[in-house]
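> Submitted below is the structure of interest, expressed as structure tokens.
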Amino acid sequence: MRLHVLGTAAGGGVPQWNCACPGCAGARAVPSRRRLHASVAVETEPGRVYLVNATPDIAEQIERCPWLHPEGRRTRLSGVILTDAELDHTLGLARLREADELEVMATDAVRDAVHKGLGLGEVLAPYTRLRWRDFDGVALEPLSGKRPRYARDACDGDWVSALRVGGLLYAPSTGVWTDGFGEDADLVLVDGTFWDDEEPRTAGFSTKSATGMGHLPVLATRDRLAALSARCLYTHLNNTNPLVDPDSPLHEELADRGLGVAAEGAVLTW
Ligand SMILES: [Zn+2]
């Protein structure tokens, strides 16, 4: 099976529209450093391709993926899989309103947030239908109960999951290291939002730590990932993460452990 990396940035992308930090300024100056919101297209079997998370960049991401270019007036997108209900992983559903209907797979908590929190089922009803379907050939492994800010009063549930497709584990938000994480995987794409735990505070945009925001920092996961037999790549980089600079010496620290950052446009197999 194979996937196409369509984006590797955390919420806001790189550059973020209202920011001129070194990572954003660098991406404005050098277009090859730009990153779209984290997403992958996964081919679960020949002819069945799912987008994993519906980002604000979803239309551009479909254009960048030849597997998803339409034939005649028919899309080749089989559906959308949501690993959580964060805005940067769900708002793209509205961008696909031209579809006759959209197949979506998500946990109950995420489905309820899309309907009740975002109101997307009702808003989209005059345009398209969200058809929630059972998992078929894929699984969502629960990671944490961290819910989006807009749904903070919602019930407990499986809010954040990792997608499992055969030997692939796709976990763009890893707030806790669960027992056995990635141990029987062949390919792991994992949360690289922040390099260190204090980054949100030192960058000045939050009073929380990275872990407090639901993202284990690279410094907390790199040695655990290096111990896995799987090929492991980071994705979902925030604009404050020094790894957004391809010339950062921190890339060598990852390479020394057999790790790296997923490249946008890469096709990976497992
Ligand atoms: Zn920035």
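The values are calculated or read from the model by the stated rules, or taken from the named source; none is laboratory data. Computed from a predicted model, the values in this text were never measured in an experiment. We place every Cβ from the backbone using ideal geometry, glycine too, and count neighbours over all the protein chains shown. In case anyone asks, the SASA skips ligands and DNA or RNA and just uses the protein heavy atoms, side chains included. Shrake-Rupley method; radii C 1.70, N 1.55, O 1.52, S 1.80 Å.
> For Leu219, what accessible area in Å² do you get when you roll a 1.4 Å probe over the heavy atoms of the protein chains, rounding to the nearest 10?
Result for Leu219: roughly 80 Å² accessible.
> Go through Met1, Met105 and list them by solvent-accessible area, largest first, probe radius 1.4 Å.
Most to least solvent-accessible, the answer reads Met1, Met105.
> Return the long-range amide H neighbours of Arg35 (sequence gap of 5 or more, or a different chain), with a cut-off of under 5 Å between placed amide H atoms.
Result for Arg35 returns Val14.
> In square nanometres, what is the average projected area of the Cα convex hull of the chain?
Approximately 13.8 nm², given one-decimal rounding.
> Looking at the square roots a ≥ b ≥ c of the eigenvalues of the Cα gyration tensor of the stretch 61-218, which shape do they give, rounded for a/c under 1.5, prolate if a/b is larger than b/c, or oblate?
The shape class here is prolate.
> Output wanted: per-residue J couplings in Hz (rounded whole) for the stretch 215-227, from phi through Karplus 6.51 cos²θ - 1.76 cosθ + 1.60, θ = phi - 60°, x for Gly and Pro.
Whole-Hz 3J(HN,Hα) from phi for the stretch 215-227: 9, 4, x, 3, 4, 8, 10, 5, 6, 5, 5, 5, 7.
> Can you work out ³J(HN,Hα) from phi for every residue in the stretch 60-68, in order, using Karplus 6.51 cos²θ - 1.76 cosθ + 1.60 and θ = phi - 60°, giving whole Hz and x for Gly and Pro?
5, 5, 5, 5, 7, 10, x, 4, 10
> Which value in nm describes the separation of the simple spin-label points at Ala266 and Leu219, placed 7 Å from the Cα toward the beta carbon?
The answer from the label model is 2.4 nm.
> With a 1.4 Å probe and every protein chain left in place, tell me how much accessible area Glu60 has, in Å² to the nearest 10.
Answer for Glu60: close to 90 Å² accessible.
> Val190's amide H: which non-local residues (gap 5+, or another chain) put their own amide H closer than 5 Å, with H modeled 1.01 Å from N in plane and none for Pro or chain starts?
So Val190 has HN proximity to Ala171, Leu233, Tyr234, Thr235.
> With a 1.4 Å probe and every protein chain kept in, tell me what percent of the accessible surface of the stretch 188-270 is carbon plus sulfur.
Carbon with sulfur: 49 percent of the solvent-accessible area.
> Quick check on the chain: helices-only [θ] at 222 nm, where DSSP H runs of length 4 and up contribute -39,500 (n - 2.57) each and the sum goes over total residues. Nearest 500, please.
-4000 deg cm²/dmol
> What do you get for trypsin sites (Lys or Arg not before Pro) in the stretch 70-120 restricted to DSSP loop and a cutoff of at most 16 other Cβ within 10 Å of the site's Cβ?
Those that pass, being in a loop and sparsely packed, are Arg73, Arg76, Arg97.
> Working out 0.36 nm times the residue gap between Arg131 and Asp196, then minus their Cα-Cα distance, what length gain in nm do you get to one decimal?
This chain segment gains 19.5 nm when fully extended.
> Please work out the average accessible area per residue across the chain, using the 1.4 Å probe convention, and give it in Å².
Ligands and nucleic acids excluded, the result is 46 Å² per residue.
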